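In what follows, a structure is listed as structure tokens, so that the remarks can point back to it.
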Amino acid sequence: MARTTSSRASLMLVTAVGTGALLAPAATAATPRPDSPVRAIESAAHPLRATGPAGSTKDLRPLGRMVGDAKVVGLGEATHGTHEFFTMKDRLFRYLVQEKGFRTFALEASWKTGLRFDAYVRGGPGDVRELVRQELSKGPWYNQEYIELLAWMRQYNERHPQSQVRFLGNDLNNPDMGVELYDAVTDYVRRHEPGRLDRLKALYAPLRKVTDGDAHLALPVAERARLAKQARAAYELVKGIQPDRRGKKFGLILQHARSVMQTAEIYAFDTDTPAGVKGAMLYRDRIMAANTVWWQRHTGGKVLASAHNAHVGYESRDPNYPKMQGSFLRDALGTKYRSIGFTFDQGSFMATGPQDSKWKPRTVGAATPGMNEHTLDKVSYDDYYVDMRTAPAAARKWLDKPRPTRSIGTAYPDGPYEIRLGANHDVLIHLHRTTAAHRPQ
């Protein structure tokens with residue numbers, strides 16, 4: 001939707017009536033300079049018809065061209081609790097499935113959660129609301145918007161049984177490990193190379209006893225390091241199965257063993273130290289990228305990878321995050337990876353508080369001068385997107401400079417952070433006003 005100069009002037013006039021203020025003509029004051037970043041961005045911007053999945057997708061065709069032949073598209077979020085970010089992801093995923101051949105929605109959620117969601121969307125038993133509650137209730141993605149996405153994926157698969165969409169969780173396993181991972185690996189070894197079974201069971205035995213992430217992290221660092229070594233030894237044991245004994249499911253089984261190892265290894269970092277925090281965060285972004293690339297190559301389908309802006313982007317916003325998932329994905333895929341970020345001017349979102357773990361709506365006013373969002377919101381469209389790689393020179397120059405930018409995680413207050421938008425993403429989606437996501441009741 002466009003916000004014209006006349007509508008802005010009317011709003012200013014209505015405000016002035018109540019105060020008796022005299023205003024200069026709004027059109028003159030609001031007109032950007034010929035070389036301004038606002039005019040340059042606006043010349044390259046494409047307005048969004050809607051942020052929800054219903055209706056025509058004609059307005060997304062330029063975005064489809066920006067995606068091009070990418071095998072993985074990282075789609076960010078400037079907060080973990082914004083309704084419009086989630087519904088726009090739903091909308092864009094449906095478009096990419098139907099028009100660009102994408103087949104997987106990936107989320108920074110547990111590998112085992114992804115397997116459970118994948119089974120559901122492909123026709124498995126269960127109630128979607130209960131499944132989402134079981135898997136996501138302790139995190140930011142426990143919301144009605146993801147319930148609706150999963151429901152659509154299942155319905156799509158019912159209509160297209162020969163070309164189904166999939167769900168991937170590319171993160172470590174938390175809060176529970178997922179006993180089905182141990183069982184699947186163990187059963188495969190029992191059937192295909194039973195001579196390794198006793199050793200595998202011995203390696204997994206102490207890990208099976210610590211299936212909760214909190215309990216795992218409560219162990220002494222030395223004990224966590226020992227468990228990590230056992231998980232790696234189990235992975236190497238499975239990896240060493242003779243090629244002529246590997247069935248077609250071997251790749252997935254080995255990935256299950258890798259996921260067990262990844263989780264144990266990230267828990268082994270001593271996060272009571274600065275070096276341990278940096279090491280764990282670096283490891284996490286690396287494995288999320290590696291799991292996504294593995295899945296894309298294993299399935300052969302294109303992937304929409306959903307995560308925070310900070311994870312799908314190319315540059316770190318924080319010294320505690322030495323290298324981001326987006327940068328690892330670019331290393332692995334080159335130009336076959338695209339990063340799409342979100343910004344917003346004002347509105348509400350779900351988040352916890354500094355001393356309150358309850359998820360509830362938090363609200364921020366309009367971005368202030370000097371923030372990236374303040375300038376982006378001067379473009380005359382409420383909601384729009386722009387390819388920052390091909391925007392006019394004045395826009396690219398402006399986008400390349402670091403400025404305070406909203407980048408809010410699970411808790412608020414958080415940030416703003418100094419971010420170079422043009423260096424961090426390929427494409428930017430800007431929304432004027434947002435509302436809080438809907439936690440299921």
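Descriptive notes on the structure:
- Cβ-Cβ distances below 6 Å connect the following pairs, each with a first residue in region 196-213 that is more than 23 Å from residue 175 (Cα to Cα), a second residue that is open to solvent by less than 40 Å² (accessible area, probe 1.4 Å), and a separation of six or more residues or different chains: 196/189; 196/237; 197/189; 200/189; 200/234; 200/237.
- Here is the figure for region 301-331: residues that are open to solvent by 10 Å² or more (accessible area, probe 1.4 Å), under 10 Å from the mean Cα position of the chain (by Cα) and farther than 18 Å from residue 408 by Cα total 0.
- Of the numbered criteria (1) hydroxyl-bearing (Ser, Thr, Tyr); (2) open to solvent by less than 10 Å² (accessible area, probe 1.4 Å); (3) closer than 12 Å to residue 167 by Cβ, the one residue 120 fails is (2).
- Condition met for residue 391 (among the aliphatic types (A, V, I, L, M), open to solvent by 50 Å² or more (accessible area, probe 1.4 Å) and part of a loop (DSSP other than H, G, I, E, B)): no
- Residue tally, condition of a type outside the set (Val, Ile, Thr), in a loop (DSSP other than H, G, I, E, B) and touching a residue at least 24 places away in the same chain (Cβ under 8 Å), over region 50-95: 12
- Filter result (free of Cβ contacts under 8 Å to residues at least 40 places away in the same chain and buried (at least 21 other Cβ atoms within 10 Å of the Cβ)) within region 134-149: 135
- Residue match in region 210-227 (condition: over 23 Å from residue 108 (Cβ atoms), touching a Leu at 6+ places or on another chain (Cβ under 7 Å) and in a helix (DSSP H, G or I)): yes
- Of all residues making up region 200-214, the number that are over 17 Å from residue 184 (Cβ atoms) and either open to solvent by less than 50 Å² (accessible area, probe 1.4 Å) or touching a helix residue (DSSP H, G or I) at 6+ places or on another chain (Cβ under 8 Å) (or both): 3
- Only one entry of 289, 257, 275, 268 meets the criterion of being among the small types (Gly, Ala, Ser) and free of Cβ contacts under 8 Å to residues at least 40 places away in the same chain, and that entry is 275.
- Residue 257 loosely packed, with under 15 Cβ neighbours inside 10 Å and hydrophobic (A, V, I, L, M, F, W, C): no
The values are calculated or read from the model by the stated rules, or taken from the named source; none is laboratory data. Everything quoted here is computed from the prediction, not taken from an experiment. We place every Cβ from the backbone using ideal geometry, glycine too, and count neighbours over all the protein chains shown. Just so you know, the surface numbers come from the protein's heavy atoms only, side chains and all, with ligands and any DNA or RNA stripped out. Shrake-Rupley method; radii C 1.70, N 1.55, O 1.52, S 1.80 Å.
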